[in-house]
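Working notes, beginning with the structure itself.
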Amino acid sequence: MRGYFITFEGPDGSGKSTQIKLIKEYFEKKGFDLIITREPGGTRISEKIRDIILDNEHTEMDYIAEALLYAAARAQHVSQLIKPALEEGKVVICDRFVDSSFVYQGEGRGLGKCVKEINDIAIRGFMPDVTFLFKIDPEIGNMRIKNKNRLDMEKIDYHRIVYNAYLKLEKEYPDRIKGIDAGRSIDEIHEEIKEYLEKLLK
Ligand code: ADP
Ligand code: TYD
């Protein structure tokens, strides 16, 4: 039986990693076999690609090159880690996945549909069962971040386009994408996610 594939999306600083840590404990207490991972990254090769993408000095990076690097990191991640884990029946929790490419590269960089095409090749049909979308004004999210990478330093207009694209995706895929009001306290958000997962796992 295929395991569960759960992803977390939203602006930088919206609280995804904080909630993933809490949800890890929740699953472990229930005795689930669990993998926590992130994008870009998650495998040795994908983490190296991450370093190239996020390097603050790489200001000349071409947008198509950027999109292909994210997809390349993802292809390795899916084949080496996500696909085998799901086939073994594990729960896979991933901090960002292909929705990030749709909104950051497709809309933010204006690359449009080709982002879906290159990512269809990368993910080989492995889409999340549920995606928690952390909804918070990107400016507030950005203020929460301490060490900013190349993408965090983009202008606020870019982050607004990305955020609106997330809201559009939420409307497009209401069965998969669950919006979370990320402006609340850490505990309140954790409770809501837990309640949702309780229902899902029944
Ligand atoms: P992300 O993974 O989405 O970039 P983080 O979980 O790393 O976000 O959170 C960014 C910062 O905001 C951290 O310093 C974290 O402690 C803080 N934070 C997380 N959740 C909340 C919250 N609900 N309210 C206020 N601050 C938060
Ligand atoms: P990271 O520090 O991991 O951000 P966060 O903690 O918010 O997840 O940096 C990842 C950055 O890469 C983030 O700005 C979003 C961006 N990104 C894309 O542009 N496209 C993608 O496909 C992915 C996975 C991330």
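With θ set to phi - 60°, apply the Karplus curve 6.51 cos²θ - 1.76 cosθ + 1.60 along region 2-11 and write out the HN-Hα couplings as whole Hz, x wherever there is a Gly or Pro.
6, x, 9, 10, 10, 10, 10, 10, x, x
Longest span of the chain, sites excluded, free of GluC sites (Glu not before Pro) in DSSP loop with at most 15 other C-beta atoms within 10 Å?
Values: sites that count: E57, E60, E88.
Longest site-free region, per DSSP loop and neighbour criteria: 89-202.
Considering the chain as a Gaussian network with a 10 Å cut-off on Cα pairs, which listed residue, A75, A65, A122, attains the greatest mean-square fluctuation?
In the Gaussian network model the winner is A65.
Amide H neighbours of R38 under 5 Å, counting only residues 5+ apart in sequence or on other chains, H built in-plane at 1.01 Å?
It is D95, by chain and number.
Ordering K148, K116, K48 by accessible area with a probe of 1.4 Å, largest first, what comes out? Don't jump to the answer; show the numbers that get you there.
Values: K148 70, K116 95, K48 135 Å².
Descending accessible area places them as K48, K116, K148.
List the relative contact order of region 88-167 as a percent without decimals, with contacts defined as Cα pairs under 8 Å and 6+ residues apart. Intermediate results must be reported in sequence, preceding the final value.
Values: 33 pairs, mean separation 31.5, N = 80.
Taking the mean separation of contacting Cα pairs over the length of region 88-167, I get 39 percent.
Applying the Karplus parametrisation 6.51 cos²θ - 1.76 cosθ + 1.60 with θ = phi - 60° to the phi angles of region 72-85, what ³J(HN,Hα) value in whole Hz is obtained for each residue in order, glycine and proline being reported as x?
5, 4, 5, 4, 5, 5, 5, 6, 8, 10, 5, 4, x, 5
Applying the Karplus parametrisation 6.51 cos²θ - 1.76 cosθ + 1.60 with θ = phi - 60° to the phi angles of region 148-155, what ³J(HN,Hα) value in whole Hz is obtained for each residue in order, glycine and proline being reported as x?
After applying 6.51 cos²θ - 1.76 cosθ + 1.60, I find 8, 9, 4, 6, 4, 7, 4, 5 Hz.
Would you pull out the residues with amide H under 5 Å of L151's amide H, same chain only if 5 or more places away, H placed 1.01 Å from N?
Result for L151 returns nothing.
Can you give the relative contact order of region 5-201 as a percent, counting alpha carbon pairs under 8 Å and 6+ residues apart? Numbers along the way, then the final one.
Details: 278 pairs, mean separation 65.6, N = 197.
Relative CO of region 5-201 lands at 33 percent.
Using amide H atoms built 1.01 Å from N in the peptide plane, name the residues 5+ places from K178, or on other chains, whose amide H lies under 5 Å from its own.
T131, F132, L133
Report the local net charge at L22: Lys and Arg +1, Asp and Glu -1, summed over other residues whose C-beta lies under 14 Å from its C-beta.
Numbers: positive: K16, K21, K24, K29, K30, R184, K194; negative: E25, E28, D95, D187, E188, E191, E192, E195.
Overall, the nearby charge balance is -1.
The values are calculated or read from the model by the stated rules, or taken from the named source; none is laboratory data. Since this is a predicted model, take the numbers as computed values, not measurements. Cβ coordinates were reconstructed from backbone atoms using ideal geometry, including for glycine residues, and neighbour counts include every protein chain displayed. Calculation scope for accessible area: heavy atoms of the full protein, side chains included, ligands and nucleic acids excluded. Shrake-Rupley method; radii C 1.70, N 1.55, O 1.52, S 1.80 Å.
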